[in-house]
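*Asks:* Mind having a look at this structure? Questions to follow.
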C-alpha cells in the first residue's frame, strides 16, 4: 500500500533528536512560553528575514490574532478566496469581521487578482490571501491593489512553508503572515502549533498580549485575550525540523517533477513557471471522474485525499454568511480535485508506481 501520508516514516530519521530535545525540556521543568519558544521564534523570524515571530497554539489562532491585532470596526469586510480551507473564513468570522469571497484562478487555485477590485467596497479593510497547496499567490498584482485601495494585507501560509514568488519567501509580503505547524505540513510539529510573522513592533506586541489572556505583564490584563501559546515541546521539535525544511521542499519538488513530466495529459496538473518556487505541500490534479479515479487508485493500493470536497459557501456552518451562492470556478475545483501521494515519506519508486497505475486509467 502506498499511503497518502505516513507521519511516522516522515519523522523517523529525527526520532533521536526529538528524544534528546524532549529530555532537555523535561529536565528544565518549564513547559509554557520558555526558552524553546523564544529560540524557535527567533529562528523562524531569521529564516524569513523579519523582526518578529509570535508562536501560538495553531494556524487558526494565528489568523484570528493577526486580524484582531488590527482592531478593525466590527463587520468590516475582508476578502478571501472562495475555495480556501474553512479555517481562513472561520478566522475572519471569529475576529468579528465579514468574509467576502473572491474566485480563484482555475490554473493556480489561488485568488484571482483580476477579480479582487470588483469585490472592494467602502467597508473593505483587508485582503487575506491563501498560498494554497504550496504555491504563492500573484503577489505583485495583489500588493498593487492593496496600495491603491489602502488595504491591509494578510497571508495564510499554512500550506506554503518555504514557497517563493519571484525569489521572495511567502509570509514576507503582508502586514501579518499566519503559519500552521499541523503535523502534515512541510514544517510540521508532532502536535498542533502556529505562528505569526510581522514587521511592525506594535502589531507583534499586540499579538503577544492577545495570545496570553490579553496580558503583557503577569496578572495585568489590558485586552480581551485568548489562551493560544506555542508549546515548549513543539517549539523544540520545530527548531529541529526547521533545519531540514529546505531538504523537505526540494524532495517534494523532485517528486512533483516526476508527476509533471510523466502523468498523461488526461489529468489536469499544477502549472509551473519561473516566478514561482512551489513546495507542493499538496500535489493536486483534476479529473472529471475524480471519485471513480480515487476508487480505482485505492483498488490498486494507492491512497489519495480530496482537498477539499465541499466549497466553503456550501458548508452548512457558513451559508448564513454568504448571500451569493454561485461560485462556478470553486465548484469546478472542489468537484474534480484529487491530491496524490507526495510526502517526505515517499520515494521516487512510489511516485513512478502511482504514475504507472494512473496512466492506465
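*Asks:* Quick one: residue 326 ticks every box in (1) in contact (Cβ under 8 Å) with a residue 60 or more places away in the chain; (2) loosely packed, with under 14 Cβ neighbours inside 10 Å bar one, so which box is it?
*Replies:* Result: residue 326 fails condition (1) only.
*Asks:* Mind listing whichever residues of the stretch 152-199 are closer than 21 Å to residue 22 by Cβ and part of a strand (DSSP E or B)?
*Replies:* Residues satisfying the conditions are 194, 195.
*Asks:* Which of the residues spanning the stretch 342-361 are surrounded by fewer than 21 Cβ atoms within 10 Å (Cβ to Cβ) and in contact with a strand residue (DSSP E or B) (Cβ under 8 Å, 6 or more places away or on another chain)?
*Replies:* 350, 353, 357
*Asks:* Regarding residue 339, is this residue assigned to a loop (DSSP other than H, G, I, E, B) and buried (at least 17 other Cβ atoms within 10 Å of the Cβ)?
*Replies:* Answer is no for this residue.
*Asks:* Sticking with this one: Under 7 Å between Cβ atoms, which residue pairs at least 6 apart in sequence (or on different chains) link something in the stretch 342-360 that is within 13 Å of residue 300 (Cα to Cα) with a partner that is part of a loop (DSSP other than H, G, I, E, B)?
*Replies:* 350/341; 354/341; 355/263; 357/300; 358/263; 358/267; 359/263; 359/264
*Asks:* Same structure again: Filter the stretch 124-144 down to residues that are outside any strand (DSSP E or B) and in contact with a helix residue (DSSP H, G or I) (Cβ under 6 Å, 6 or more places away or on another chain) and give me whichever is surrounded by the fewest Cβ atoms within 10 Å (Cβ to Cβ).
*Replies:* Out of the qualifying residues, it is 141.
*Asks:* Also, I was wondering about something else. Look through 189, 163, 158, 204 and report the one residue that is in contact (Cβ under 8 Å) with a residue 40 or more places away in the chain, over 17 Å from residue 53 (Cβ atoms) and buried (at least 16 other Cβ atoms within 10 Å of the Cβ).
*Replies:* Selected residue: 163, the only one of 189, 163, 158, 204 that is in contact (Cβ under 8 Å) with a residue 40 or more places away in the chain, over 17 Å from residue 53 (Cβ atoms) and buried (at least 16 other Cβ atoms within 10 Å of the Cβ).
*Asks:* Scanning for something closer than 27 Å to residue 167 by Cβ and out of contact with any helix residue (DSSP H, G or I) (no Cβ under 8 Å at 6 or more places or on another chain), does the stretch 60-83 turn up at least one residue?
*Replies:* Yes, the stretch 60-83 contains a residue that is closer than 27 Å to residue 167 by Cβ and out of contact with any helix residue (DSSP H, G or I) (no Cβ under 8 Å at 6 or more places or on another chain).
*Asks:* Would you mind finding the one in 63, 90 that is within 19 Å of residue 317 (Cβ to Cβ) and out of contact with any strand residue (DSSP E or B) (no Cβ under 8 Å at 6 or more places or on another chain)?
*Replies:* Criteria check complete, one pass: 90.
*Asks:* Next up: Would you confirm, using the coordinates I've provided, whether residue 286 is surrounded by 14 or more Cβ atoms within 10 Å (Cβ to Cβ), outside the structural domain of residue 54 (by TED's automatic domain parsing) and at pLDDT 95 or above?
*Replies:* yes
*Asks:* Among the helices (runs of 4 or more DSSP H) contained in the stretch 225-300, which hold 3 or more residues that are within 27 Å of residue 109 (Cα to Cα) and in contact (Cβ under 8 Å) with a residue 24 or more places away in the chain?
*Replies:* Qualifying helices (runs of 4 or more DSSP H): 245-262, 290-299.
*Asks:* Within the stretch 230-253, count every residue that is outside the structural domain of residue 65 (by TED's automatic domain parsing) and touching a strand residue (DSSP E or B) at 6+ places or on another chain (Cβ under 7 Å).
*Replies:* Number of matching residues: 0.
*Asks:* Have a look at 256, 274 and point out the one that is touching a strand residue (DSSP E or B) at 6+ places or on another chain (Cβ under 7 Å) and either more than 24 Å from residue 345 (Cα to Cα) or crowded, with 17+ Cβ neighbours inside 10 Å (or both).
*Replies:* 256
The values are calculated or read from the model by the stated rules, or taken from the named source; none is laboratory data. Please read these numbers as outputs of a predicted model, since none were measured by experiment. So basically every Cβ, Gly included, is an ideal-geometry build from the backbone, and we count neighbours across all protein chains shown.
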